[in-house]
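The values are calculated or read from the model by the stated rules, or taken from the named source; none is laboratory data. All values derive from a computational prediction rather than experimental measurement. Neighbour counts are summed over all protein chains in view; Cβ atoms, including those assigned to glycine, are modelled from backbone coordinates with ideal geometry.
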Amino acid sequence: MQIENFKIFADLVETKSFSKSAKLNNITQSAVSQQARAMERHFKALLVDRSQKQFHLTREGQRVYESAKDVLHAYETLLSELQEMKKVVSGTIRISTIYSIGLHELPPYIKKFLHDFPSVNVRVEYRRSNLVYEDILHNCVDFGLVAFPAKVRQIENIPFRNDYLIVICHPQHPLAKRGEVTVPELAGQKFIGFDPDIPTRKAVDQIFRDNKLDIETVMEFDNIETVKRAVEIDHGIAIVPQATVLQEAKQGTLAVLKLKGGEFTRPLAILHRKGRVLTPAMKKFIDTLELDLPDVHP
């Protein structure tokens, strides 16, 4: 029985999917099924209850899974300790992040990290916020980066930085020359927003509720880039993270207004699964994200 067998089986249990486990381990779905059956032959016990429509472990399967996690944790700890003894910082770091962070907040940190540790590869996937949490829970990635982090029992979250929420509008909009505005002064405006399930949209909705303001949402999008494009063609105004519009503000394609009357911030966080063994490269990556780099601030 090899480490890879335990890894594939653990991924199968955690994703409850033969296809997802196959993708995580770069093998076919058939190979995952064969691995599971090979483990059943090895342990002379039924591990997966195939009479159920949904994925379900037998009692023996649950016990094997628990031991597999112990074996994998010990193995990962050993590899990490050996790398630290050799002072080696290498490997691949997999990140799942929402568009606004991945496109506008993360690049200078990755640039510095790769400059300092050229033997490390960094892979970034852009996902909706809820899928970032799934990726962490299923061990599909090493880190997740989200806004307004939710408390999840199996996930550790480390504060990354705070961004300010600001108002954007077309440069010829009546509000454009004001420079700053209060929330009540936005009454009667047409709003372009994120989809209702996106955390930043929920925070913006809460700002409106706190100010007893009914707003007219004329468009909803799932990412910051389409929100900005809609504002650029003067379909409405929007409240967005400040770091996401630095380029447009500089080029003059969007007008930016500060929100007065409160501390309207968007907290960002680094996520990883609790109990996860952090390699030297992962620890250095967290250290880099905790730096206050001047080129990510307005």
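At-a-glance table
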item: Identity of the residue in region 153-164, of a type outside the set (D, E, K, R) and out of contact with any helix residue (DSSP H, G or I) (no Cβ under 9 Å at 6 or more places or on another chain), that ends up surrounded by the most Cβ atoms within 10 Å (Cβ to Cβ); result: N157
item: Any hit, region 94-105, residues being of a type outside the set (S, T, Y) and modelled with pLDDT under 90; result: no
item: In region 5-42, the residues that are exposed (fewer than 13 other Cβ atoms within 10 Å of the Cβ) and either at positive phi or not assigned by TED's automatic domain parsing to the domain that holds Q54 (or both); result: N26
item: Checklist (1) on the phi < 0 side of the Ramachandran plot; (2) in contact with a Pro (Cβ under 8 Å, 6 or more places away or on another chain) applied to T279, failing item; result: (2)
item: Some residue of region 165-185 being surrounded by 14 or more Cβ atoms within 10 Å (Cβ to Cβ) and at positive phi; result: no
item: Residue count for region 84-110, restricted to those that are in a helix (DSSP H, G or I) and farther than 20 Å from V132 by Cβ; result: 4
item: Matching entry among A269, A255 (being touching a Leu at 6+ places or on another chain (Cβ under 8 Å) and over 30 Å from I95 (Cα atoms)); result: A255
item: Region 164-180 residues that are of a type in the set (D, E), paired with ones that are part of a strand (DSSP E or B) (beta carbon under 6 Å, 6 or more apart); result: E180/L257; E180/K258; E180/K260
item: Members of region 81-96 found to be surrounded by 13 or more Cβ atoms within 10 Å (Cβ to Cβ) and under 24 Å from the mean Cα position of the chain (by Cα), listed by number; result: V89, S90, G91, I93, R94, I95, S96
item: Within region 219-298, strands (runs of 3 or more DSSP E) holding 3 or more residues that are in the same structural domain as L186 (by TED's automatic domain parsing) and within 16 Å of F194 (Cα to Cα); result: 238-241
item: Complete set of residues in region 8-39 that are within 23 Å of the chain's Cα centre (by Cα) and part of a helix (DSSP H, G or I); result: A10, D11, L12, V13, E14, T15, S19, K20, S21, A22, K23, L24
item: Qualifying residues in region 43-66 (those that are exposed (fewer than 14 other Cβ atoms within 10 Å of the Cβ) and either among the basic types (K, R) or touching a residue at least 24 places away in the same chain (Cβ under 8 Å) (or both)) - the one nearest to D11 (Cα to Cα); result: Q54
item: Qualifying position, being more than 17 Å from P108 (Cα to Cα), in contact with a Lys or Arg (Cβ under 9 Å, 6 or more places away or on another chain) and without any contact (Cβ under 8 Å) to a residue 40 or more places away in the chain, among E263, E220; result: E220
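Here's the yes/no breakdown for (1) more than 26 Å from the chain's Cα centre (by Cα); (2) surrounded by 15 or more Cβ atoms within 10 Å (Cβ to Cβ):
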site	(1), (2)
R201	no, yes
F221	no, yes
E225	no, no
A238	no, yes
P241	no, yes
T244	no, yes
Q247	no, no
G252	yes, no
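Per-residue answers, yes or no, for (1) modelled with pLDDT of 95 or more; (2) within 19 Å of P149 (Cβ to Cβ); (3) among the charged types (D, E, K, R):
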residue	(1), (2), (3)
C169	yes, no, no
K177	no, no, yes
G188	no, no, no
F191	yes, no, no
N211	no, no, no
D214	no, no, yes
T217	no, no, no
